[in-house]
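To keep things clear, I will list the structure first and then write my remarks on it.
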Amino acid sequence: DERAPERDAEGTAGPPPTPPLFSQEFATDPYPTYAWLREHAPVHRTVLPSGVEAWLVTRYADARETLADPRLSKNPVHHSEAAHGKGKVGIPGERSANLMTHLLNIDPPDHTRLRRLVSKAFTPRRVAAFEPRVRELADRLIDGFAGRGRADLIHEFAFPLPIYAICDMLGVPAEDQDDFRDWAGMMIRHGGGPRGGVGRAVKRMRAYLTELIHRKRGDLGDDLISGLIRASDQGEHLTEDEAAAMAFILLFAGFETTVNLIGNGTYALLRDPEQRRLLQDASAAGDTGLLRTAVEELLRYDGPVELATWRFATEPLTIGGQRIGTGEPVLVVLAAADRDPSRFDDPDTLDLTRRDNQHLGYGHGVHYCLGAPLARLEGRVALASLLGRLPDLRLAVDPAELRWRGGLIMRGLRELPVEFEP
Ligand code: HEM
């Protein structure tokens, strides 16, 4: 195969001096492999662990252009394998639960219409008004382990915070939120559960959301689901199915991503005492400016979304000089683009004061993260609360012992054991 990673265009590059794609070693530190790909095979065809073949785009300029290219569709019907019914792309369980018509699976003009409707409910104002509630949640979670001197920050903090936050925002009653916590846990295979469990969790979540939307229709409040029901644009509304798929994608897109922002971000800070001290001092002094640039830099440096979601060529096209055939899947490697030295000075260095930081951690183009304001808020509050309340927070294990979840799209830790003075 001429496109194998062992050869570059001139056939002289030799094998990559890095672990093979998708190995455990790669999951722990994919960045050397990405550096090799950027240099030698910037648009690289690979076979994913699921057996699906896809192109990986790793340079910043190509990545940014690809994310905004209207010739690439988000709709899996354009996948060349879709005709054979392989159905391997997408969120596990979404097909059988009939949740396919959400923002990340559709193109303009349908996407434009749905996005406009949801934007009327999911406003920056709604997010900003939510800050005290996120603070309260963060404090309550820290109260749960602060007296113990040890904790697993993934299970006890990074995982529950976003799920409770998004449930609150959607208007899921408090007594049902632990069910969501369980389903969400299954969805990210937290305990390494079987894929079948994921499908079941997604179906239960859908059944619950459909019922909740139905109930709220008769009794609108000021929560986000009521906002979705109420939203209208030129006489158009979301159907109940669309509202259910929308609530689902808000949960799905807003949950594991934020877990990983808090997890990867805290981990990066704990490994860099100088940068951590800088942030801790600024945060103690109430300097929210540094907190803001810090969250952006943590997203760039080791962001939650390693690869953007699937895109499919609707016609033959060229990316970075490489021909892509109709129906072929393209995956933009955000984690590789955000360490591209031709875009970022010293890309492998964590610099919380970095200003020129147009990273692609939230994507780019019409699918740019809808939840970015909420994610930024949760990131800021989570870091400020942790560093403020546990000033001597430190890793409780050797970094080499930490296990990374090797999921395809997301990058995150399975656990993050820490210690501190109780
Ligand atoms: C889309 C990242 C948090 C909702 C995206 C995309 C990225 C991303 C990269 C684009 C994917 C693509 O083009 O293939 C992140 C990161 C987050 C985060 C890094 C946390 C740090 C959230 C939150 C929510 C959310 C909290 C909502 C509650 C969405 C939605 C989309 C999206 C609905 C689809 C937008 C569209 O297709 O128009 N996100 N996200 N995200 N995100 Fe986020």
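Each value in this text was obtained by applying a stated rule to the coordinates, not by laboratory testing. Quick caveat, the model's predicted, so the values are computed rather than measured. Here the Cβ is made from the backbone with ideal geometry for all residues, glycine too, and neighbour counts use every protein chain on show.
Laid out as a table, the results:
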{"read-out": "Helix-only mean residue ellipticity at 222 nm for the chain, each DSSP H run of n ≥ 4 adding -39500 (n - 2.57), per residue, nearest 500", "value": "-13500 deg cm²/dmol"}
{"read-out": "Spacing of the two label points (7 Å from each Cα toward its C-beta) at ASP29 and ASP222, in nm", "value": "5.0 nm"}
{"read-out": "Local electrostatic count, LEU299, Cβ distance below 10 Å [Lys/Arg +1, Asp/Glu -1]", "value": "-2"}
{"read-out": "Kyte-Doolittle mean at least 0.0 and Cα axial length at least 27 Å: DSSP H helices in the chain", "value": "240-270"}
{"read-out": "Burial order of peptide ranges 105-116, 221-232, 251-262 (average beta-carbon count within 10 Å, highest first)", "value": "251-262, 221-232, 105-116"}
{"read-out": "Prolate/oblate/rounded label for the chain (Cα gyration tensor, a/c 1.5)", "value": "oblate"}
{"read-out": "Alpha-carbon centroid distance for the pair the range 57-74 / the range 343-372, whole angstrom", "value": "15 Å"}
{"read-out": "Amide H within-cut-off set for LEU413, under 5 Å, with H built and near neighbours excluded", "value": "ASN264, ARG405"}
{"read-out": "Relative contact order of the chain, pairs being alpha-carbon contacts under 8 Å that are 6 or more residues apart, as %", "value": "24 percent"}
{"read-out": "Residues with amide H under 5 Å from that of ILE319, placed H, sequence gap 5 or more", "value": "ILE324"}
{"read-out": "Label point 7 Å beyond Cα of GLU401 along Cβ direction - residues of the range 124-164 with amide nitrogen under 16 Å", "value": "150-154"}
{"read-out": "Per-pair calculated FRET efficiency, R0 = 35 Å: ASP392 and TYR368 via Cβ, rounded to 0.05", "value": "0.40"}
{"read-out": "Distant-in-sequence amide H partners of VAL330 (H built 1.01 Å from N, under 5 Å)", "value": "TRP55, ARG311, PHE312, ALA313"}
{"read-out": "Contact order relative to length of the range 362-422, as percent, for alpha carbon pairs under 8 angstrom and 6 or more apart", "value": "28 percent"}
{"read-out": "Pairs of Lys in the chain closer than 25 Å at Cα, counting only those 8 or more apart or on different chains", "value": "8"}
{"read-out": "Lys, Arg +1 and Asp, Glu -1 on Cβ, resulting dipole of the chain about Cα centre, debye, nearest 20", "value": "860 debye"}
{"read-out": "Whether the range 39-81 is rounded, prolate or oblate, judged on the alpha carbon gyration tensor where a/c under 1.5 counts as rounded", "value": "oblate"}
{"read-out": "Cα gyration tensor shape for the range 219-352, rounded if a/c is under 1.5, else prolate or oblate", "value": "oblate"}
